[in-house]
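Single-structure report; data block below.
The values are calculated or read from the model by the stated rules, or taken from the named source; none is laboratory data. Since this is a predicted model, take the numbers as computed values, not measurements. Cβ: placed from backbone, ideal geometry, glycine included. Neighbour counts: every protein chain shown.
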């Protein structure tokens, strides 16, 4: 049977820190990391170059720390360090199944990972390695969604994939409202004007300015990442009108 050619040749996968928790209330579920790693390997096997950004909300959220009385910038730096921990965990999961991986951090910490260098990251992907970008943009007051849109644009990616808890973008949380409407396609302006809480406004605007499609799918469904790359399965595509 002929395998459908992948829709894109280089993509960035954004995964929330919460997605790595599995059924836990905090921290990492190694079985979830392994399943996501296997999905990434499946996409690599299609000939697609992959880079990743992983949030840190399973360990520490800067905005939550600020709400509890911490200095916002300091809390955000703590959140960036949480993303480095998640990136190293995902690197371990990928390399255990034979996928060469590099972690690049926007905050220098050479003892555990590479500094972010754009041309080096592109070269890693050209050699078939997965590159995980950690520590957000390296600046407080920016989310990892914005970091994902920024890195995707810098890497020349053809799409930004957002792995979420549900199979696309809905008018409301379908887990709380069974009557929520699911969208097949949306424009960037739809996302902004309807305040659909999938990515923050800065990330959506950055994707729009760079003509970067955003594809939202369920990261918890095994093989969903590979299916999306073939144009199959359930997902929502956000593009210019």
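Quick notes
- Selection within segment 115-130: residues that are assigned to a loop (DSSP other than H, G, I, E, B) and farther than 23 Å from residue 38 by Cβ. The member of this set that is farthest from the chain's Cα centre (by Cα) is 117.
- Just one of (1) in a helix (DSSP H, G or I); (2) under 15 Å from the mean Cα position of the chain (by Cα); (3) at pLDDT below 95 fails for residue 150. It is (3).
- Exactly one residue out of 112, 99 is in contact with a helix residue (DSSP H, G or I) (Cβ under 6 Å, 6 or more places away or on another chain) and assigned to a loop (DSSP other than H, G, I, E, B), and it is 99.
- Segment 14-28, residues that are over 18 Å from residue 146 (Cα atoms) and either out of contact with any helix residue (DSSP H, G or I) (no Cβ under 9 Å at 6 or more places or on another chain) or not in a helix (DSSP H, G or I) (or both): 22, 23, 24, 25, 26, 27, 28
- Any strands (runs of 3 or more DSSP E) falling wholly within segment 155-241 and containing at least 3 residues that are touching a helix residue (DSSP H, G or I) at 6+ places or on another chain (Cβ under 7 Å) and within 17 Å of residue 50 (Cβ to Cβ): 159-164, 214-218
- Pairs meeting the criteria (first residue in segment 61-88 and part of a loop (DSSP other than H, G, I, E, B), second residue at pLDDT 90 or above, beta carbons under 7 Å, at least 6 apart or on different chains) are 61/79.
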